[in-house]
Amino acid sequence: MFSERIRLLRKSYNYNQTELAARLGVSKQSVSNWENGNILPSIDMLIKMANLFSVSTDYILGLDNRLTIDVAGLTVEKVSHIQQIINDMRS
């Protein structure tokens, strides 16, 4: 599950393996190994990935399927507008 999530997140951000590796400060081979299920990243790297992709570590690990959006600093009206967009996309 981890390998699939990393690949999905990387592609959703339009990063290739080299770009993701550069953003995380690792080699392309590390990213490739994660995506192929050969190795798992360190806890520190897992946290770095979660921050980069704005998801929880539980999401990356496949323990939780919920994605969240940080709306801190937005007005109630703007949050309401975002919620309406989400509702429209679901229907």
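Numerical summary
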{"item": "Loop sites in the chain: trypsin sites (Lys or Arg not before Pro), DSSP, at most 10 other Cβ within 10 Å", "result": "Arg66"}
{"item": "Portion, in percent, of the accessible area of the chain that falls on carbon or sulfur, probe 1.4 Å", "result": "52 percent"}
{"item": "Alpha-carbon spread of the chain, three principal axes, descending order, Å", "result": "45, 25, 23"}
{"item": "Å² per residue, accessible surface of the chain at 1.4 Å", "result": "69 Å²"}
{"item": "Cα long-axis angle, helix 2-12 against the chain (0 to 90 degrees, to the nearest 10)", "result": "60 degrees"}
{"item": "Local net charge near Ser56, Cβ-Cβ under 10 Å (Lys/Arg +1, Asp/Glu -1)", "result": "-1"}
{"item": "Cα-based reach from Lys28 at 19 Å (exclusive), listing lysines while leaving out same-chain residues under 8 positions away", "result": "Lys11, Lys48"}
{"item": "Computed accessible area, Glu19, all protein chains, 1.4 angstrom probe, square angstrom", "result": "80 Å²"}
{"item": "Heavy atoms of Met1 accessible to a 1.4 Å probe, total area in Å² rounded to 10", "result": "110 Å²"}
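The values are calculated or read from the model by the stated rules, or taken from the named source; none is laboratory data. Here the structure is a predicted model, which means the values were calculated and not measured. Neighbour counts are summed over all protein chains in view; Cβ atoms, including those assigned to glycine, are modelled from backbone coordinates with ideal geometry. Just so you know, the surface numbers come from the protein's heavy atoms only, side chains and all, with ligands and any DNA or RNA stripped out. Shrake-Rupley method; radii C 1.70, N 1.55, O 1.52, S 1.80 Å.
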